[in-house]
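Enquirer: One structure is given below, represented as structure tokens, and several questions about it will come after.
The values are calculated or read from the model by the stated rules, or taken from the named source; none is laboratory data. Fair warning: this is a prediction, and the values are worked out from it, not measured in the lab. Positions of Cβ are backbone-derived with ideal geometry, glycine not excepted, and every protein chain shown enters the neighbour counts.
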Amino acid sequence: MTVEKMRELLSDDEKITIEYKECAHGVQKDVYETVSSFSNRYGGYIIMGVLDGGVPVGVHKNLVKDMKREFVNALNNPNVMSPTLYLSLEEMEYDGHILLWTYVPPTSVVEKCSGKIYDRNEDGDMDITDSPIQLQNMYNRKSNTYAEHKIFPYVKDEDLKLELMEKVKNLVKSKKPDHDWLSMTDRQIMISAGLYEKDFSSGLEGYNLAAVLLFGKDEVIKSCAPGYQTDALYRVENLDRYDDRITVRTNLIESYELLMEFIAKHTSDKFYLVDNINTSIRDLIAREVVANILIHRDYASAFPAKLIIEENWIRTENWCIPRKHGNLMSDEFTPYPKNPLLQGFFTNIGRADAIGSGVRNLYKYVPVYSDGGKPELFEDDVFRISIPLNKVASDETMMDKKLSDREQKIYDMICDNNHLTVEQVMAELDISRATVFRDYKKIRDLTGVSFDKNSGTWIFPR
């Protein structure tokens with residue numbers, strides 16, 4: 001841990017991957033709750049000797065050795081942590097204070113603390129032991145096996161729309177004329193694509209969920225994946241409801257076409273030279289958006305995916321099993337397939353590119369289509385994409401990155417008085433408490449300033 005890295009970790013409020021603990025008299029008991037919640041979510045840093053707001057106060061030098069030993073012993077005590085963990089506290093001197101820190105990695109199993117299960121939510125640890133829905137989502141997230149591999153031994157050929165295989169072969173041929181699938185039988189293609197398999201631990205053999213989603217008849221899909229649904233809405237005139245809507249519950253091959261047609265129906269087209277070929281960049285963007293909500297979603301969840309077209313935006317959301325929290329940038333994320341079988345099948349038929357290419361394509365073509373706008377991709381339990389469609393949306397995005405006149409005035413007031421209260425802002429600007437807190441959030445996000453509740457002081461980034 002470098003001083004620069006510690007300064008970065010202390011430069012803001014606590015968040016979903018950072019927790020501050022004062023620990024003035026030793027390791028606080030709630031440290032282990034945070035270890036559990038971090039293990040069960042995205043992992044994160046626990047820093048001891050720090051007050052809320054990232055203010056370092058240090059731990060007593062005479063306690064350091066005992067705190068390190070107590071921490072290790074507790075994590076290896078099954079009555080405290082189950083399964084037990086091997087972590088240790090690291091010591092560093094920062095601004096004249098001794099801090100202890102540890103990084104808690106996410107684990108592949110559900111971690112319990114004193115018999116309770118904790119999950120991380122923004123800057124807090126939630127006890128979800130008695131919350132069955134949240135527990136189920138956590139176990140889904142932790143599962144080492146992908147839901148798409150679940151075998152349905154009683155699904156037979158007649159339960160699938162195998163007539164779609166002709167379309168599949170035509171798509172494959174247009175992408176790669178010498179593809180091996182072109183000389184295979186339907187069953188051989190299913191085996192080659194991993195859609196028909198045998199589970200050697202249970203002995204089950206047959207079509208899996210990926211096969212049902214790609215080729216299943218509607219009633220079969222409803223039985224095997226009852227939560228599967230994609231709502232496509234066009235909302236421009238009637239903002240409270242919608243101007244047009246389709247609900248898609250059919251197989252993924254035909255769902256892709258229905259959603260692509262919906263986007264084409266309600267958005268304008270633009271052409272751009274790609275490899276010296278005049279290409280519809282609207283279709284390039286739509287392909288990545290549609291492929292994402294069909295391929296990279298958690299089909300074990302009943303959360304319906306949504307595709308919403310507004311006057312200036314396309315927005316999508318779908319439930320996924322996240323591997324990180326926050327915005328995905330084209331040059332700083334590690335791609336991974338959430339449903340490798342579906343990803344591989346769509347890649348073979350030319351409806352998706354290699355994993356990771358979709359994000360890069362969006363960052364490449366969205367600015368061309370929208371006159372400078374950039375896509376926003378936010379990964380959490382619900383994965384969200386926002387695509388600006390024109391310069392109006394692009395300008396909205398830029399405005400979100402700047403303080404408004406009122407927000408700037410509040411920030412100036414903070415700079416003049418670092419003990420500024422909500423009540424003072426309300427009285428000065430004649431605005432509600434909720435508006436002040438909303439403005440505060442944007443000010444914190446854009447400027448890095450934070451508020452220490454204990455001292456009632458605004459703290460500026462170092």
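Enquirer: For the list (1) crowded, with 16+ Cβ neighbours inside 10 Å; (2) over 20 Å from LEU342 (Cβ atoms), I need the number of the one condition that SER183 fails.
Expert: (1) is the only condition that SER183 fails.
Enquirer: For the range 255-269, what are the residues that are loosely packed, with under 15 Cβ neighbours inside 10 Å and touching a helix residue (DSSP H, G or I) at 6+ places or on another chain (Cβ under 8 Å)?
Expert: ALA264, SER268, ASP269
Enquirer: Please tell me if ASN348 is surrounded by 15 or more Cβ atoms within 10 Å (Cβ to Cβ) and among the polar types (S, T, N, Q). Steps first, please.
Expert: Numbers: surrounded by 15 or more Cβ atoms within 10 Å (Cβ to Cβ): yes; among the polar types (S, T, N, Q): yes.
Yes; evaluated as a whole, the condition is true for this residue.
Enquirer: For the range 435-455, state whether one or more residues are more than 30 Å from SER301 (Cβ to Cβ), over 31 Å from the mean Cα position of the chain (by Cα), modelled with pLDDT under 90 and not assigned by TED's automatic domain parsing to the domain that holds ILE309.
Expert: yes
Enquirer: What strands (runs of 3 or more DSSP E) completely inside the range 11-101 contain at least 1 residues that are without any contact (Cβ under 8 Å) to a residue 12 or more places away in the chain and either not assigned by TED's automatic domain parsing to the domain that holds ASP445 or not charged (D, E, K, R) (or both)? Break it down stepwise before answering.
Expert: Numbers: elements: 18-21, 44-48, 90-94.
Those strands (runs of 3 or more DSSP E) span 90-94.
Enquirer: Going residue by residue through the range 117-135, is there one that turns out to be over 19 Å from the mean Cα position of the chain (by Cα), surrounded by 15 or more Cβ atoms within 10 Å (Cβ to Cβ) and of a type in the set (Lys, Arg)?
Expert: Among the residues of the range 117-135, not one is over 19 Å from the mean Cα position of the chain (by Cα), surrounded by 15 or more Cβ atoms within 10 Å (Cβ to Cβ) and of a type in the set (Lys, Arg), which makes the answer no.
Enquirer: Moving to a separate point now. Any residue at all in the range 205-225 that's loosely packed, with under 15 Cβ neighbours inside 10 Å and more than 34 Å from the chain's Cα centre (by Cα)?
Expert: Within the range 205-225 (the criterion being loosely packed, with under 15 Cβ neighbours inside 10 Å and more than 34 Å from the chain's Cα centre (by Cα)), the answer is no, since none of the residues qualifies.
Enquirer: A further question on this structure: If we keep just the residues of the range 1-29 that are β-branched (Val, Ile, Thr) and more than 17 Å from ASN121 (Cα to Cα), which is modelled with the highest pLDDT? Walk me through it before giving the result.
Expert: Pass one, the range 1-29, residues β-branched (Val, Ile, Thr): 2-3, 16-18, 27.
Narrowing the set further to residues that are more than 17 Å from ASN121 (Cα to Cα) leaves 2-3, 27.
On the way: THR2: 82, VAL3: 84, VAL27: 91.
Out of the qualifying residues, it is VAL27.
Enquirer: When the residues of the range 169-179 are narrowed to those that are in contact (Cβ under 8 Å) with a residue 24 or more places away in the chain and not in a loop (DSSP other than H, G, I, E, B), which ends up surrounded by the fewest Cβ atoms within 10 Å (Cβ to Cβ)?
Expert: SER174
Enquirer: Could I ask something else about it? Within the range 24-73, which residues are among the hydrophobic types (A, V, I, L, M, F, W, C), over 32 Å from the mean Cα position of the chain (by Cα) and surrounded by fewer than 20 Cβ atoms within 10 Å (Cβ to Cβ)?
Expert: ALA24, VAL57, LEU63, VAL64
Enquirer: Within the bounds of the range 171-180, is there any residue that is outside the structural domain of ILE308 (by TED's automatic domain parsing) and in contact with a Cys (Cβ under 6 Å, 6 or more places away or on another chain)?
Expert: Narrowing the range 171-180 to residues outside the structural domain of ILE308 (by TED's automatic domain parsing): 171-180.
So of that shortlist, the ones also in contact with a Cys (Cβ under 6 Å, 6 or more places away or on another chain) come out as none.
No, there is no match, as no residue in the range 171-180 is outside the structural domain of ILE308 (by TED's automatic domain parsing) and in contact with a Cys (Cβ under 6 Å, 6 or more places away or on another chain).
Enquirer: Does TYR256 fit the bill of being among the hydroxyl-bearing types (Ser, Thr, Tyr) and under 22 Å from PHE303 (Cβ atoms)? Give the steps one after another, and end with the answer.
Expert: Working: among the hydroxyl-bearing types (Ser, Thr, Tyr): yes; under 22 Å from PHE303 (Cβ atoms): yes.
Yes; evaluated as a whole, the condition is true for this residue.
Enquirer: Let me confirm something: among GLU166, GLU158, GLU148, which residue is surrounded by 14 or more Cβ atoms within 10 Å (Cβ to Cβ), part of a helix (DSSP H, G or I) and acidic (Asp, Glu)?
Expert: Values: GLU166 fails: surrounded by 14 or more Cβ atoms within 10 Å (Cβ to Cβ); GLU158 fails: surrounded by 14 or more Cβ atoms within 10 Å (Cβ to Cβ).
Sole residue among the options that is surrounded by 14 or more Cβ atoms within 10 Å (Cβ to Cβ), part of a helix (DSSP H, G or I) and acidic (Asp, Glu): GLU148.
Enquirer: In addition: Just for the range 189-214: of the residues that are of a type in the set (Asp, Glu) and in contact with a His (Cβ under 9 Å, 6 or more places away or on another chain), which one is farthest from ASN170 (Cα to Cα)? Before you say what the answer is, go through the steps one by one.
Expert: At the first step, the residues of the range 189-214 found to be of a type in the set (Asp, Glu) are 197, 199, 205.
Keeping just the survivors that are in contact with a His (Cβ under 9 Å, 6 or more places away or on another chain) gives 197, 199.
Numbers: GLU197: 24, ASP199: 31 Å.
Among those that are of a type in the set (Asp, Glu) and in contact with a His (Cβ under 9 Å, 6 or more places away or on another chain), it is ASP199.
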